[in-house]
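**Student:** Take this structure first; my questions come after.
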């Protein structure tokens, strides 16, 4: 393989080639007929485990399979015969060797999410390599430079929606600071029996196609009872949202109207079991491999101690519930106090469904499944209309970030807690705009924090030890997260990927990005190849390091990046249909920022 100089002022890959590669995905699915139960070759959730750092490496086989998913036959992209794919273990300090055999009739890829590696091994077609053509084999080979819980998935078209994902466990070379007796992998996902491109077509054609939880005249009394508001107040609130052409129940684009929610490939009624004896410390390695679904996780009556976030060890935090975004991972430790079973409950953020399993000393046991909570509604705060004690909008004069050319160290504490949006218009790809963006590190998210339980927030995350490369950044820029739900167009700074230029990072610099969410939805933003150090109210020693961050509605969220990875990298929202609809940028790590923008294909 010819490896390009990763620090040359490289041109972005041909977008038309990338889009053509994406368009080929699932072609055979479209041409085929619906699968039948008689054709099923197995059921989802029957996956194994492999060690990619053993001598000789491992082989992964990708092919279309008809599998029973939640009791129904579904056309899946299976990895070694199942969804999820096998758990892949690696040992820090060794070399991973993985041969991927593409038996699909279209091109494919595997991205190793959160893994530090050469950009040619990152697995993003059109950005870091051409993809893996049908009928061919591609060999991934890279040193394992980290440890923790991660995951892998396709980065080609919408293949991820069909089961093309699995968990990664990277064993530490040094003694593990987390004490536990037994561990279990928990892979959360969402599944639809619809063809994924048809799902995207529906979202583009009819706004809120899958949202059956909207306020109507029929449920107005329910809202009065739930909120304690009078009829007049409820109507006034609804009219206010109507005037803004917004929907306060616009929590998730795709809901339980089409999704079956899975835990380790099993639907809720299939109840996967995680064995543990009373008194054992159980480490649950939780990966959210969904395409569009945020989950709220709890084990009723049993506290969880969070010990790792996105593969990075943190100072232990005891909590009762946590929200995990698409692409995030959390490791928690729990202890069964007795021989009674406990339900591991993963409720969707929009309350349209759930996945669940049972933590128990033996198979066949089952605990009570919690009742589904009332779906949350967005508030004026989610529109950036902050209310003070007097009930009026909180005014702020906080200035925008300093000029991008600044080369003196930026402050590491006391950052502005809010920023006025300003007069700029981000164009037709942005139809909503918060009046004020503000830090929401203590906010657990819509629908959480009202039950009297402890809920994990980003403000509680602190690195166990100071991560390498920490220093104050010397350059920064603002990045607006924008969208038009009516047209289903998503992007950054009002432009979708096909209309945008490269974002350039200079090799060796320490860079700050202030993300400002102009939309009413939470977006999990993922940077390939480099860590994002999240400003969480701590300092250089303690702020957490993440590969994916939730940016909530009307939020100002700051990350600092050590630019230590030459090459081209993807930077995108990890809601799959948002990424496909334009919320994606290419980052080029270059030697110098001088000389103007890198040439971009028209």
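The values are calculated or read from the model by the stated rules, or taken from the named source; none is laboratory data. As the structure is a prediction and not an experimental result, all values here were calculated from the model. A quick note on method: Cβ atoms are made from the backbone with ideal geometry, for glycine too, and the neighbour counts reach across all protein chains shown.
**Student:** For segment 163-203, name all the residues that are touching a strand residue (DSSP E or B) at 6+ places or on another chain (Cβ under 9 Å) and part of a loop (DSSP other than H, G, I, E, B).
**Tutor:** Selection gives 163, 164, 172, 173, 176, 177, 178, 179, 180, 181, 193, 195.
**Student:** So if I check each of 19, 50, 30, which one is surrounded by 13 or more Cβ atoms within 10 Å (Cβ to Cβ), modelled with pLDDT under 55 and either in contact with a helix residue (DSSP H, G or I) (Cβ under 8 Å, 6 or more places away or on another chain) or not in a helix (DSSP H, G or I) (or both)?
**Tutor:** None of the others qualify; the one that does is 19.
**Student:** Residue 246: at pLDDT 95 or above, outside any strand (DSSP E or B) and touching a helix residue (DSSP H, G or I) at 6+ places or on another chain (Cβ under 8 Å), yes or no?
**Tutor:** The answer is no for residue 246.
**Student:** Hey, among the residues in segment 538-554 that are closer than 23 Å to residue 292 by Cα and modelled with pLDDT under 95, which one's surrounded by the fewest Cβ atoms within 10 Å (Cβ to Cβ)?
**Tutor:** Looking at residues that are closer than 23 Å to residue 292 by Cα and modelled with pLDDT under 95, I get 553.
**Student:** Residue under question is residue 516, and the condition is that it be touching a residue at least 40 places away in the same chain (Cβ under 8 Å), under 19 Å from residue 328 (Cβ atoms) and outside any loop (DSSP other than H, G, I, E, B); does it hold?
**Tutor:** Against the criterion (touching a residue at least 40 places away in the same chain (Cβ under 8 Å), under 19 Å from residue 328 (Cβ atoms) and outside any loop (DSSP other than H, G, I, E, B)), residue 516 does not qualify.
**Student:** Checking residue 161 against (1) at pLDDT below 95; (2) surrounded by 23 or more Cβ atoms within 10 Å (Cβ to Cβ): exactly one of these is not met. Which one?
**Tutor:** So residue 161 meets the others, but not (1).
**Student:** In contact with a strand residue (DSSP E or B) (Cβ under 8 Å, 6 or more places away or on another chain) and under 26 Å from residue 378 (Cα atoms): which single residue out of 533, 518, 541 fits that description?
**Tutor:** That would be 518, the only listed residue that is in contact with a strand residue (DSSP E or B) (Cβ under 8 Å, 6 or more places away or on another chain) and under 26 Å from residue 378 (Cα atoms).
**Student:** Between a residue in segment 130-142 that is exposed (fewer than 14 other Cβ atoms within 10 Å of the Cβ) and any residue that is modelled with pLDDT of 95 or more and part of a loop (DSSP other than H, G, I, E, B), which pairs come within a Cβ distance under 7 Å, given they are 6 or more apart or on different chains?
**Tutor:** none
**Student:** Do you know which residues across segment 459-490 are more than 23 Å from residue 417 (Cα to Cα) and either assigned to a loop (DSSP other than H, G, I, E, B) or touching a helix residue (DSSP H, G or I) at 6+ places or on another chain (Cβ under 7 Å) (or both)?
**Tutor:** 464, 465, 466, 467, 468, 469, 485, 486, 487, 488, 490 - these are the residues of segment 459-490 that are more than 23 Å from residue 417 (Cα to Cα) and either assigned to a loop (DSSP other than H, G, I, E, B) or touching a helix residue (DSSP H, G or I) at 6+ places or on another chain (Cβ under 7 Å) (or both).
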